[in-house]
1. Roughly how far apart, in whole Å, are the Cα centres of region 201-270 and region 169-200?
2. So how tilted is helix 300-316 from the main axis of the chain? Cα-based, degrees 0 to 90, rounded to 10.
3. When the Cα centres of region 485-554 and region 87-131 are compared, how far apart do they sit, in Å?
4. What is the chain's relative contact order, in percent, from Cα pairs under 8 angstrom and six or more apart in sequence?
5. Looking at the chain, send over the antiparallel percent of its DSSP beta bridges, to the nearest 5.
6. Taking Cα centroids, how far is region 362-421 from region 1-57 in Å?
7. For region 75-115, rounded, prolate or oblate, judged on the Cα gyration tensor with a ≥ b ≥ c (square roots of eigenvalues), a/c < 1.5 rounded, else prolate if a/b > b/c?
8. Assuming a ≥ b ≥ c are the square roots of the Cα gyration tensor eigenvalues, decide whether region 472-553 counts as rounded (a/c under 1.5), prolate (otherwise, with a/b larger than b/c) or oblate.
Ligand code: G6P
């Protein structure tokens, strides 16, 4: 999705903007641009395609200024082109925008009638002309008037050559943070863009308008009352957001999983009594005791984590769980009451559909505990409680370490709820906690299979279709494995519960349809073996991801990747990493851009 960067201070803004936009590339974009004020004039440079095109233009005609705004655009209204790239201008005003203005056609007609000429197909240009048409003395008064006319979602950074010393920021349902510096201030849609310059952040709230000068910050709320927003210190190390010697962010993030899970579970368990301690939920304990049902709502990979969460919570805590896709949930009539615990799962904390679903459940009285990776993000601010995953910044569009840390968090939450409801014995809890704390080490053993999985990918990268099959807790992992392959290698892949194969997918089986089985040791392992026989009987090609103790499986499967024996509940961490590597290698062997796959965005902040 679109990225915003803004700078005001004493350095050259363009360098900081380009650096920040580069750090936001992972969000997905198809054009980019910057605007600065030079000698009382707005100057812009924009280009379709990757940032290198913009950089080349800026090398030809450099722009030097101490104030500027920059943008990477992910096309919604109008195709990717120089004209549609942000910033958009109206005479002395330039702005960048994330979000969608729903009433832009109405505004556009009104402004055309007033004589404004539109040079792009975007909704954003209407905001630029609207600001110009409403201009009144100064930028802040004008912005206040203009936002009252906007329907939809926006994060805006606005400059005017009439007021060279300030950037106006405004947000509604789209993320925007201020990075606080000394004699300089920064704005960005996402923390990694400016993490090199500051660790001090202010998270703007819905409806906020901020006046950002190099040595002054003023924030006004929805009702134009001056407010103070707390400054939060972010402890992410900027190196964590860089490749650190790996070829791709995705590769680095796969390798970071033992560390990420260790950080996520650190200090939250006791082996002596098998208890999980979630101090962040302490104040909600009373509410949690009375909950009778759970709804988990999320999108994409986070939704797959939710499906695993259902299995774990129902097994450990014996509380009924429904799992929903956020974009579906928000438009139906979900049954919600105060006995419902609603769990949104989101890496970014900014996914528009998940946020809207959360607001709906909250308005109907549900208790909200989010699982999120980004401190201070919109979803966490709307929640009654948040359990943070400690994955660190995830840059690769295809989610890896965020997913496995979500799984670890759900695993802990399931045991925690079982404690409250007294549903597991101490011995059972100790068994599950022991298995959890072994996960980082078990994942490290799968990292050793990197080369073997690369060899496997060499044999399969040219297939056009794939089936991923799993049962029980490994069924959502099959969905996630298939999604990874689709997202980055563009090979069509479907995930299915293995037992469902006979109800449709079996019709597709022939020598051109490889089937990847997550055939982990479990009480129903034999049933998965029968599914493998069914595929082999139809000339299908079988890859099995299996437990070492079941070595006989290699006689049935064409290729087998063995992982350590674990309990079924933690096998998901190992099977997941195998499928991550498989997708990663298929894509890199095909020469594809794994960190920024086509058409995808890291953080989907619009509907
Ligand atoms: C996008 C990303 C996925 C992610 C999904 C949900 O589609 O490309 O990797 O799983 O959004 O994002 P969230 O930040 O809410 O987990």
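FYI, it's all coordinate maths here, none of it is from the lab. This is a predicted model, so every value here is computed, not measured. With ideal geometry, Cβ positions are generated from the backbone for all residues, glycine too; neighbour counts draw on all protein chains shown.
1. The distance from the Cα centre of region 201-270 to that of region 169-200 comes to 9 Å.
2. Around 40 degrees separate the two axes.
3. With region 485-554 and region 87-131 each reduced to a Cα centre, they are spaced 52 Å.
4. Once divided by the residue count of the chain, the mean separation gives 12 percent.
5. 60
6. Measuring centre to centre over Cα atoms gives 32 Å.
7. Oblate, since a/c reaches 1.5 and b/c is not below a/b.
8. oblate
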